[in-house]
Amino acid sequence: MRQSQLFTKTRREAPKDEVAKNAQLLIRAGFIHKEMAGAYSYLPLGLRVLNNVQRIIREEMNKIGGQELALTALQSPAVWKKSGRWDDEAIDVWFKTQLKGGGELGLGTTHEEPLTALMAEYVSSYKDLPRYVYQFQTKFRNELRAKSGIMRTREFIMKDLYSFSRSEDEFREFYEDCAEAYLAIFKRAGIGDYTFRTFASGGSFSKFSDEFQALSDAGEDTIYLHRGKRIAVNREVYTDGVLAELGISKGELEEVKAIEVGNIFPLGTRFSEALGLTFKDETGAEKPVIMGSYGIGPGRLMGTIVEILADDKGIVWPSEVSPFPVHLIAIAGSNKDVRAEADRLYDLLKENGIEALYDDRDIRAGEKFADADLIGISTRLVVSEKTLAEGGVEVSSRSEGQTAIVPDSTIIQHLKR
C-alpha cells in the first residue's frame, strides 16, 4: 500500500471525550473511528491488525482440535428461557428488540445456550465426543457505561470456544491444553511477559475459573501476583484458604492492576441438563455432557497491546500483529535517484511476498518519521541520499530502536530471517 493512497490520515489530537490511551493513539494513527460511546469502526490499518490477532487465535485453537463455525447474533428467547438467562435479572446487559410481526429477539451476549441446543442435534453417543467448537462472533452488551476505548465496548468481536466432554478427566485435560494455548497466543501477540494465569471465582460451576490478566495501570482488575510461579489470584478469591491450596503466602504476592485479556471457565452440566444435551456411554447409560467455555476478545487484546507497549512517540506493534511487516520510507526531496530506488525496493518487496506500507508522500522527513512512530509498524526501511551512498537500506526496529545499513543484495534475506 502506498501511503499517499491510504484514505486515513494521522491526527495531532484525539477526540476530547476519549480518555483511554489505546483509543487516543488508535484514533490519532488512523486505525479506528469512534462512531459513538462503546462503538468503534475498524479502518484499513486497524482491520489488518484485528485480522492478524484473529489469525493467531485461530491457529492456536486449531492446534488443540478446535473446529470453527459461525452462529447467528439474533437470539430466540426459547433456548434462553430453558436456562433461565432470558430474564434481565440473570443477564443485565441484553439488547432486545421487537419483531414487526410480533415477538421478541435478543442480540447475543454469549452463546452457551444456542450452541448447546445445536449440539443436541448432533451428539447422541460417546462416539460423538469430545468436540471443541469455536467462533469469531459479534457480541452485543448493553453496558451502562462503555469505557476504556476498544477494551470495553457495547459491540465487539469475541472468540468463544466451547468444549463438550464425556468425563471430568477428559474435560480437565482439554482445559489445561486451552490454558497453554492462551499463553501461546499472548506470547505471539507480544504481551506474554506481562500476562499471568489468574485464579478467579468459578461461580456456581466450579471452585475456580481462570483469567489471563495482563499487567497495566489501565486495568480495571486488582490481582495478587507471584512472579516466580507466574500465577496470580484475583481479589475476589484472595483468601487464606485459597492461598494455602495454591501453596503460596501473602508475603510472596504483590498487588497490581491488570487487564483481563482472556478467560476459561468450567460449565459442568448446567447447560447440557437444561437443554437436553446427553449421550449414551459404553454401557448404554444416558449422561449429560460436561462443558467448558473459553473466551478472548480480539479487539480487547489489540487495545491491551497498545496500552502496554506504546511509548511516548506512539504505538509499538509486535511483529505478528503489525498491520504491515515493513514501513518503507523514502526521504527523497527533489532527488529522483532516491525516489527511483525506493520504488524499486517497494516492487522487490512485493515480488518476494513482503507487504509494505510505502510512505511515498511529498512531505518533510520529520513528518514522515513522526507518523511512522505513531503508526508503530514493527520494522522500518529508510531510503535516502545517505543510504544510497552507502549502497544499502537503513533498517530499524520500532520496539528496539536499533538501526543498521543492510546491503541491497541481502535485504530480502535479512527481512525474512
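The values are calculated or read from the model by the stated rules, or taken from the named source; none is laboratory data. Just so it is clear, the structure is predicted and the values come from calculations on it, not from any experiment. Positions of Cβ are backbone-derived with ideal geometry, glycine not excepted, and every protein chain shown enters the neighbour counts.
Restricting attention to the range 28-39, does a residue exist that is in a helix (DSSP H, G or I) and either farther than 30 Å from Ala184 by Cα or not aromatic (Phe, Trp, Tyr) (or both)? There is at least one residue in the range 28-39 that is in a helix (DSSP H, G or I) and either farther than 30 Å from Ala184 by Cα or not aromatic (Phe, Trp, Tyr) (or both).
Meeting the requirement of 2 or more residues that are of a type in the set (Asp, Glu), no strands (runs of 3 or more DSSP E) wholly within the range 286-360 can be named. Of the residues making up the range 40-58, those that are assigned to a helix (DSSP H, G or I) and farther than 20 Å from Cys178 by Cβ are Pro44, Leu45, Gly46, Leu47, Arg48, Val49, Leu50, Asn51, Asn52. Applying the condition of being buried (at least 18 other Cβ atoms within 10 Å of the Cβ) and aliphatic (A, V, I, L, M) to the range 389-405 and asking which residue is nearest to Gly190 (Cα to Cα) yields Val395.
Residues that are touching a residue at least 24 places away in the same chain (Cβ under 8 Å) and within 23 Å of the chain's Cα centre (by Cα) number at least 3 in the following strands (runs of 3 or more DSSP E) confined to the range 200-281: 208-215, 221-226, 231-234, 254-268. With (1) over 24 Å from the mean Cα position of the chain (by Cα); (2) over 30 Å from Arg339 (Cα atoms); (3) surrounded by fewer than 14 Cβ atoms within 10 Å (Cβ to Cβ) as the list, and Leu74 as the residue in question, which single condition is left unmet? Failed condition: (1). Within the range 182-214, being hydrophobic (A, V, I, L, M, F, W, C) and in contact with a strand residue (DSSP E or B) (Cβ under 9 Å, 6 or more places away or on another chain) holds for Leu183, Ile185, Phe186, Ala189, Ile191, Phe196, Phe199, Ala200, Phe205, Phe208, Phe212, Ala214.
Among residues of the range 115-128 that are outside any helix (DSSP H, G or I), those with a Cβ under 6 angstrom from a residue that is hydrophobic (A, V, I, L, M, F, W, C), sequence gap 6+ or separate chain, pair up as Ala120/Leu277; Val123/Phe279; Ser125/Phe279. Residues that are in a loop (DSSP other than H, G, I, E, B) and over 23 Å from Gly268 (Cβ atoms) were ranked within the range 70-91; the one that is modelled with the lowest pLDDT is Asp88. Restricting the range 1-41 to residues that are in contact with a helix residue (DSSP H, G or I) (Cβ under 6 Å, 6 or more places away or on another chain) and free of Cβ contacts under 8 Å to residues at least 24 places away in the same chain, the residue that is nearest to Arg364 (Cα to Cα) is Arg11.
The number of residues in the range 1-30 that are closer than 19 Å to Leu328 by Cβ and surrounded by 13 or more Cβ atoms within 10 Å (Cβ to Cβ) comes to 8. Screening the candidates Arg361, Arg300 for the property of being among the basic types (Lys, Arg), within 30 Å of Asp160 (Cα to Cα), touching a residue at least 60 places away in the same chain (Cβ under 8 Å) and touching an Asp or Glu at 6+ places or on another chain (Cβ under 9 Å) yields one hit, Arg300. Met61 satisfies every condition listed in (1) in contact with a Cys (Cβ under 9 Å, 6 or more places away or on another chain); (2) assigned to a strand (DSSP E or B) except (2).
Test Lys82 against the criterion of being in contact (Cβ under 8 Å) with a residue 12 or more places away in the chain, within 28 Å of Cys178 (Cβ to Cβ) and surrounded by fewer than 14 Cβ atoms within 10 Å (Cβ to Cβ), and give yes or no. No: the conditions fail for Lys82.
Only residues that are of a type in the set (A, V, I, L, M), within 23 Å of Leu25 (Cα to Cα), surrounded by fewer than 17 Cβ atoms within 10 Å (Cβ to Cβ) and under 34 Å from the mean Cα position of the chain (by Cα): list them for the range 333-383, please. If the condition is that a residue be of a type in the set (A, V, I, L, M), within 23 Å of Leu25 (Cα to Cα), surrounded by fewer than 17 Cβ atoms within 10 Å (Cβ to Cβ) and under 34 Å from the mean Cα position of the chain (by Cα), then Ala365, Ala370 are the ones that fit. Is it true that some residue in the range 46-53 is surrounded by fewer than 20 Cβ atoms within 10 Å (Cβ to Cβ) and without any contact (Cβ under 8 Å) to a residue 24 or more places away in the chain? Within the range 46-53, one or more residues are surrounded by fewer than 20 Cβ atoms within 10 Å (Cβ to Cβ) and without any contact (Cβ under 8 Å) to a residue 24 or more places away in the chain.
When Arg141, Arg152, Arg145 are checked against the criterion of being out of contact with any strand residue (DSSP E or B) (no Cβ under 9 Å at 6 or more places or on another chain), more than 21 Å from Gly276 (Cα to Cα) and surrounded by 15 or more Cβ atoms within 10 Å (Cβ to Cβ), Arg152 stands alone in meeting it. Among residues of the range 323-341 that are more than 30 Å from Val53 (Cα to Cα), those with a beta-carbon under 7 Å from a residue that is of a type in the set (Asp, Glu) and surrounded by fewer than 17 Cβ atoms within 10 Å (Cβ to Cβ) at least six positions away or on a different chain give the pairs Asn335/Glu385; Val338/Glu385. Within the range 167-199, if we keep just the residues that are assigned to a loop (DSSP other than H, G, I, E, B) and out of contact with any Pro (no Cβ under 6 Å at 6 or more places or on another chain), the residue that is surrounded by the most Cβ atoms within 10 Å (Cβ to Cβ) turns out to be Ala189. Here the condition is being crowded, with 18+ Cβ neighbours inside 10 Å, among the small types (Gly, Ala, Ser) and assigned by TED's automatic domain parsing to the domain that holds Ile363; of Ala258, Ala274, Ala330, Ala232, it holds for Ala330 alone.
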